1. Among the residues that make up segment 113-126, is at least one of them part of a helix (DSSP H, G or I) and within 22 Å of residue 52 (Cβ to Cβ)?
2. Just the residues that are in a loop (DSSP other than H, G, I, E, B) and either under 19 Å from residue 286 (Cβ atoms) or not assigned by TED's automatic domain parsing to the domain that holds residue 464 (or both), please, taken from segment 388-428.
3. Which residue, of 172, 232, 219, 133, is under 30 Å from residue 307 (Cα atoms) and in contact with a strand residue (DSSP E or B) (Cβ under 6 Å, 6 or more places away or on another chain)?
4. Having 3 or more residues that are without any contact (Cβ under 8 Å) to a residue 60 or more places away in the chain, assigned by TED's automatic domain parsing to the domain that holds residue 418 and crowded, with 17+ Cβ neighbours inside 10 Å is the bar; report the strands (runs of 3 or more DSSP E) wholly within segment 448-509 that clear it.
5. Check residue 333 against each of (1) surrounded by fewer than 18 Cβ atoms within 10 Å (Cβ to Cβ); (2) in contact with a strand residue (DSSP E or B) (Cβ under 8 Å, 6 or more places away or on another chain); (3) in a helix (DSSP H, G or I) and name the one condition it does not meet.
6. Are there strands (runs of 3 or more DSSP E) fully within segment 1-105 with at least 1 residues that are out of contact with any helix residue (DSSP H, G or I) (no Cβ under 8 Å at 6 or more places or on another chain)? List them.
7. Tally the residues that are under 13 Å from residue 498 (Cβ atoms), surrounded by 15 or more Cβ atoms within 10 Å (Cβ to Cβ) and touching a residue at least 40 places away in the same chain (Cβ under 8 Å), restricting the search to segment 364-396.
8. Return the only residue of 330, 326 being without any contact (Cβ under 8 Å) to a residue 60 or more places away in the chain, within 30 Å of residue 185 (Cβ to Cβ) and assigned by TED's automatic domain parsing to the domain that holds residue 233.
């Protein structure tokens, strides 16, 4: 019996190797792993001694040899296979412990030259893993250091079971597929986001208690290499995050960070029920809360600046599930941690240039997946077109810019009402746009007069603008492009409303 050990990550490998040797396995290894095991007093054969061939090409070729792969792939239940091994003086290899060159961490570093990245694409390791996993009825393959301890226990008690070897084989094939997906993504680069065939490398961060509903299973996965965001957040306090908490925290983080100025977002069911900008963070929160104080209860709060003690004082009387921010003043964190059930998330900075390009957005549909790039479009309000007789005032324009950014993060058909860089009312997720106008005005209540309106897509009819005018709104921003634009603009002119068109739509289904 032989065990081949070649591990880049050597955590726990000595203990596993010792267990294998104690159980009667002859140890075979390469390079640094051989050096480590020998230093620890284990009797280890070099792969080059086993194969009778030296390592070649600066170590690129060492395990790619019939002696290795014959020992891995021979079926023990076929006499002809075993006879061929004896004929060529080969032994079976019954355990493979391999993990791979650090491609992921290499490509994630800034400024690494292509040649160094290429040298960190492992060839021999994946080949051995695939061979051992294919022959798992006879071969135990271990790729994850977290499995070393229990495998060592099984070896000490006589070996792994058929079911355990199958489980380990699945892990090995999954890991090789994950590894290859990162390599393929790097080779494609950002210029080819939708290849004919594609796998995506993600790593499980947490298993969740359940999904949107208790009867649904769920888990959280992170991009690899990590690109930051809510998935990479450090939880500083509070209960375990739920599936819905994570969705809402992400919505709060995204909507707050849509703005370069200081912003606070309050989310309920992935929509902003409160959103405001202000140089004073506590005031920004108060303005956001005023947008819909009823819906804000039990919501999620997102900040795009470090949370101050003054802001915490402003929010302390309201029950929130989660707060997400890029930082916390010590006094603010101390005060927040007094709320037993409040989940507090610290989101790290995102890399300026994601190592494998900007991650795609994905939605599952029956029978497959929809992929798209993120809704990241550089817009300059200076390029918007005023289409009415009256142009927006300076104050209206500032509020239109705010409302347009807010609408981008609310479910379509979206209507947003804003004033003084604060969300006053919104209507979202309706089958028709006029219902969204009605809901936004109703939510705004007495504050609707003097607000501006943003519509995430064009008005198909003039009725939406007419209802907005009856409610007291003074200016509108919308993409334009309807066959009835002339009617819509005429309705705005009749009501004395200023209207600008962006030429860009921001649906969020």
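The values are calculated or read from the model by the stated rules, or taken from the named source; none is laboratory data. None of these values were measured; they are calculated from a predicted model. Because the Cβ atoms are built from the backbone with ideal geometry, glycine has one as well, and the counts that use them run over all protein chains shown.
1. yes
2. Correct list: 419, 420, 421.
3. Step by step, each of 172, 232, 219, 133 is checked, and only 219 is under 30 Å from residue 307 (Cα atoms) and in contact with a strand residue (DSSP E or B) (Cβ under 6 Å, 6 or more places away or on another chain).
4. 452-455
5. (1)
6. So the answer is 26-29, 44-46.
7. Going through segment 364-396 one residue at a time, the tally reaches 6.
8. That would be 326, the only listed residue that is without any contact (Cβ under 8 Å) to a residue 60 or more places away in the chain, within 30 Å of residue 185 (Cβ to Cβ) and assigned by TED's automatic domain parsing to the domain that holds residue 233.
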